[in-house]
1. Does region 798-834 hold any residues that are of a type in the set (Val, Ile, Thr) and closer than 27 Å to Phe694 by Cβ, and which are they?
2. What are the pairs with Cβ atoms under 9 angstrom where one residue, in region 804-818, is part of a helix (DSSP H, G or I) and the other, located anywhere, is small (Gly, Ala, Ser) and modelled with pLDDT of 85 or more? Sequence gap at least six, or different chains.
3. Could you list, in sequence order, the residues of region 678-700 that are in a loop (DSSP other than H, G, I, E, B) and farther than 23 Å from Met660 by Cα?
4. Please go through (1) surrounded by 13 or more Cβ atoms within 10 Å (Cβ to Cβ); (2) assigned by TED's automatic domain parsing to the domain that holds Pro517; (3) not polar (S, T, N, Q) for Val472 and return the number of the only condition it doesn't satisfy.
5. For region 181-277, which helices (runs of 4 or more DSSP H) that fit wholly inside it have 2 or more residues that are within 30 Å of Gly306 (Cβ to Cβ) and basic (Lys, Arg)?
6. Report, by residue number, each residue of region 621-652 that is in contact (Cβ under 8 Å) with a residue 12 or more places away in the chain and outside any helix (DSSP H, G or I).
7. Condition check: assigned to a helix (DSSP H, G or I), at pLDDT 90 or above and under 30 Å from His324 (Cβ atoms). Does Arg288 satisfy that?
8. From the list Asp134, Asp111, pick out the single residue that is surrounded by fewer than 18 Cβ atoms within 10 Å (Cβ to Cβ) and free of Cβ contacts under 8 Å to residues at least 24 places away in the same chain.
Amino acid sequence: MSTININTLLTEEKWTRATVNDYNVASLQEFDAQLAGIDDPEKLVEVKTTCEEYLQKNKSSILAMYLAGSVSLKRRSLDYGAMTNLVELFKENKKYAIVEFLAKKILEKFDDKYVIRILADTYEKLGKEKEQFDLYELLVKVDYEETDLLLTLAEKFVGSDEEKALFYYKKALQRYINAQNLPAIQDVWTILLEMIGDDFVYLLGLAERVYDRFQGERPTQMLGQLYEGVLAKKQWDQAIIVLKSLLKIDPQSAWAREQLVEMFRNKYATHSRLESSIEVSNLTKSYRDVHTAIEEFEKNIAFDKGSFVFHKTWGIGRIRELSHEEVIIDFASKQNHTMSIGMAFSSLQVLPKYHIWVLKSVFPKEKLAEKVINDVPWALRTLISSNNNAATLREMKGELVPSLLTAKQWTSWMNQAKKVLMNDPLIGFLPSDPDVYTVRETPISYEEKSLGVFRNEKRFYQKVKIVRDFLVNGDPESEFFKEMVQYFIDQATNYQKVTDQVISSFLFTDILCNLYPFLERPTSVDFKHLYGLLDNKAVTFGAIDDSELKKAFIDKVVIVEEPSSVAHALISLYPYYLTSYIGDTLREQGQKKVLQEMFKNAVHHYRENAELFTYLVRTYDRAFWEKSIKISFETLVTSMLQLLDYAYNAIEAKKSTNEMRKIVKTLTTILFDEKQLFTLLAEAAEGTAQRVNFIVQRMQGLDQTKKVEVKHLILEKYPEFIFLGEQESTSELVSSGLLVTKAMYIAKQKELDHIMNVEISENSKELGAALQLGDLRENAEFKAAKERQGILNATMVRLNDEINRASVFTKDMIETSRVGFGTEVELKDNLSGEIKSYQILGPWESDPSKRIISYLAPFGSKLLNHRVGEQFDFEINEKKYDFTVLSIKELPI
């Protein structure tokens, strides 16, 4: 669909005076079919612009509104208001089929609350109850202010889908808590008591949460109602837990204290020391602090006939007899042992029958190990409780390995245990240390547990991950979620310098506020302001350790940067985010040429862009490089070989080892395993083969078999091929290598690169042009080019040999106690009386006219190793020298 076609359609609509009644779903689908053929973002924007300009003069044009809105939806742009206007228009005219068609079109791309309501109303008018309630379920997911509709949904599913009904009742209750609507909370609470009266853990946690939020008499009544329910079922342990919660709220409650004593009497009805334990603890005395009294009672009541005990010398034992005066205990190594009651209380630790030490002493190892493996929640609660109700995973491992589990079994078990530790409501952790787990009497929700982990986490991006996990498993409408979000809001608004964490906090807050409109979006800061304060935008972007936040950063850059600067800004970010996202964004912005230049720059400057270049050659195939980027296969493969050579050298020099190893692995795979190098050799001219072989053979880290394979392939194609450099005599090489300065080493590498990548390439073109001139015998241009080829090849071989032998001499290696490399020596010429100074460096740096002497030259070698004050003499070419060393200084190399 072109702009001309659109203008024709718009003119036809105007000329025929088409109205609402003239349109149906089929006519709109015809327009969709024409739009479907447009993939170019620029053409889509052109269509939208044309329609918007037309609407300025013809506001009621259904065609213009439809096309403009469709383009926005196709591009997932939020400015689809024209389509929403159409939904309203057709709704007013009761064209419900079109309303449904348009609404579904919008909802495919966006969960628009307003459109959902209109479509739900439409289904209600059409009597489509199932579709209507499906939309209600979608609406409560995206509209966090909608509460009463949750009750409508819950009531709808009562009797037909109890699980779904319960879900909506719980969701409604949470929103009433957020809205601080206590009467509504109590109404839903009453319903939940009827539906899930047996879910003690959830109900107790809910009642305590409501009390923490509201306090007062009504929330206390909720705990009282829960108590009545468990009391009626004679669930003494649960009744005791509720009463303890009530006593935390009101320690002076005489009723709760009396009920607690009664519940203890019910629980320990057969205990021989029940009454004495109540008496000793003063549990019935109002003057005694109730919590201290409870602790004292539970310690005393633990001593009973049949109870297990631990003695630090005799180990595990069991109480056989117990009186007011003495205790008789059977230890494994000491049967029928008698102790006074006082001594027993001071030297014995009472162990519950489920303590891990007791279980180890009672059950066979194989049976207990099987129980631990198959019932992870039970094992965790047992291990934590056995460790004074405070245990780390490390302490749990010490209890299980190797006595019950092997190290391999522990690894598998621990992975399951971590999930249980996060999701079990009766396992919490110490507020001061989230690595220390405890077993709770009252439940802790996943949400509360996540907040505790979040508070104690020091690493910023790990905090981001905790929130992401929370959104998968937790309730974002809880107050715990809001506290976590507030942390990022504070980071984004209270800062001294804009860092990656400040930027990430803003981006993450922005994402969360878009997802959950009930969150309060910070208005004191925006991305453009923060972005403008960055010292180095690309480096800051690279420090963001979260893929989704990097994408959000890129999207914001497109918005805030000047249109003329967007492409440059995105290109600078590319090396720090090696995915297709930036490339796709640039294409959407119509910046194909800029993208092509980036690809070319990566090829020609592969060292400076090592990771980027490696990513690009791994991601894009030969056809893409040749057709889209206009880079020849020979250039591409040669650059890969040279980068591989550079990476091997960097590893040898211990520079950026990890990154370079990754590059070596990737390029070796592409060049040798995927045969791209062999493909090039099969197509290459002899000169290219010579150049490729030269690079391959000089790679010190490359497997020798690969080098041999390259030679074999070249000889198959060119049987008379002469491998440059291999006829050189190795006797000339100095085994100790060549000492050089870093600056000169870099200069020589650049000289070699220039010869290989520029001069040889130009020479090949000269040879090609000369060959076209005809008879080679009288062809001066060909002879000159051929002679230059020989010089370049010889220079290339010599430089490569020297670079391979070179060892960079650094400042910290200079020794001024004697004359050596990197020193300046001041000498007194004893024959002439003159004072002379010489700088001692290598043959690359040597310049006798400036008194810079090579340590390998005859004169330089005679100066080496002499100390200050030392007199020495020597003869070179029948000339005598006699010197005394006056001083030795360090050169600034």
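1. Residues of region 798-834 that are of a type in the set (Val, Ile, Thr), as a first pass: 803, 808, 810, 814, 816, 819, 823, 825.
Passing the criteria: Ile803, Val808.
2. Between residues of region 804-818 that are part of a helix (DSSP H, G or I) and residues that are small (Gly, Ala, Ser) and modelled with pLDDT of 85 or more, the close pairs are Lys811/Gly822; Met813/Gly822.
3. If we filter region 678-700 for residues that are in a loop (DSSP other than H, G, I, E, B), which is where we start, we get 684-685, 699-700.
Within region 678-700, Ala684, Ala685 meet the criteria.
4. Against the list (1) surrounded by 13 or more Cβ atoms within 10 Å (Cβ to Cβ); (2) assigned by TED's automatic domain parsing to the domain that holds Pro517; (3) not polar (S, T, N, Q), Val472 comes up short only on (1).
5. Values: elements: 182-195, 200-214, 217-232, 236-249, 254-267.
It comes to 254-267.
6. So the first thing to find is which residues in region 621-652 are in contact (Cβ under 8 Å) with a residue 12 or more places away in the chain, and the list is 622, 625, 628-631, 633-649, 651-652.
Across region 621-652, the qualifying residues are Lys630, Ile631.
7. Values: assigned to a helix (DSSP H, G or I): no; at pLDDT 90 or above: yes; under 30 Å from His324 (Cβ atoms): yes.
Spelling it out, it is not the case that Arg288 is assigned to a helix (DSSP H, G or I), at pLDDT 90 or above and under 30 Å from His324 (Cβ atoms).
8. Values: Asp111 fails: free of Cβ contacts under 8 Å to residues at least 24 places away in the same chain.
Just one listed residue meets the conditions, Asp134.
The values are calculated or read from the model by the stated rules, or taken from the named source; none is laboratory data. Everything numeric here is computed off the predicted structure, so don't read it as measured data. Cβ atoms come from the backbone with ideal geometry, glycine included; neighbour counts cover every protein chain shown.
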